[in-house]
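A.B. asks: Got a structure here, written out as structure tokens. Questions coming.
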Amino acid sequence: MSLALGDALAITLLERKGFTAKDFKIYHPGGKLGQQLMRVSEIMHTGDKLPVASENISVREAVDIISKKSLGCIALVDANGVLSGLITDGDLRRHLLDDNIAQKTAKDIMSRTPRTAAPDMMVAEAMAVMNDLKNTFRKITTLIVVDNTQKPVGVLHLHDCLRAGFA
């Protein structure tokens with residue numbers, strides 16, 4: 001009975017103070033609710049860590065950027081900076097034996113419809129996109145995070161989600 005009375009008192013105080021789930025996340029970020037409310041922007045790679053380049057670079061240049069950024073992919077953009085494609089380590093392996101691979105551009109081998117996420121998307125939702133195997137025959141471990149103009153602003157890797165406590 002004491003426990004029920006304590007719960008009722010706590011709920012009344014929360015309602016009276018206007019305490020929301022968002023407030024709970026701020027004051028208790030390590031909890032289950034805080035984790036469920038985590039957004040992609042909180043754990044994505046940005047700035048100098050972002051592997052992004054023109055779709056017109058050579059495959060060799062793309063490999064160099066992928067290796068330096070260590071995220072297993074490169075986001076490719078058109079002349080306006082809008083996402084036009086993606087090359088992953090897997091794409092490189094699949095094209096490695098193509099004729100004249102050294103003469104090809106990134107645009108020649110990129111995936112033209114990469115899966116994306118918005119910065120304000122919940123991490124749990126982004127993981128669902130990665131795990132949605134009915135829409136793809138390959139496992140997806142990376143999402144390019146784009147703004148509302150489809151320009152890359154980050155990269156979310158499955159390992160980032162796992163480090164943040166998502167499974």
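A.B. asks: Quick one: which of THR141, THR116, THR149 is at pLDDT below 95 and among the hydroxyl-bearing types (Ser, Thr, Tyr)?
C.D. replies: The conditions single out THR141.
Matching residues to (1) in contact with a helix residue (DSSP H, G or I) (Cβ under 9 Å, 6 or more places away or on another chain); (2) modelled with pLDDT under 95; (3) not polar (S, T, N, Q):
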position	(1), (2), (3)
LEU37	yes, yes, yes
ASN56	yes, no, no
ILE66	yes, no, yes
ALA75	no, no, yes
LEU83	no, no, yes
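The values are calculated or read from the model by the stated rules, or taken from the named source; none is laboratory data. The structure presented is a predicted model; accordingly, all values stated were derived computationally and were not measured. Because the Cβ atoms are built from the backbone with ideal geometry, glycine has one as well, and the counts that use them run over all protein chains shown.
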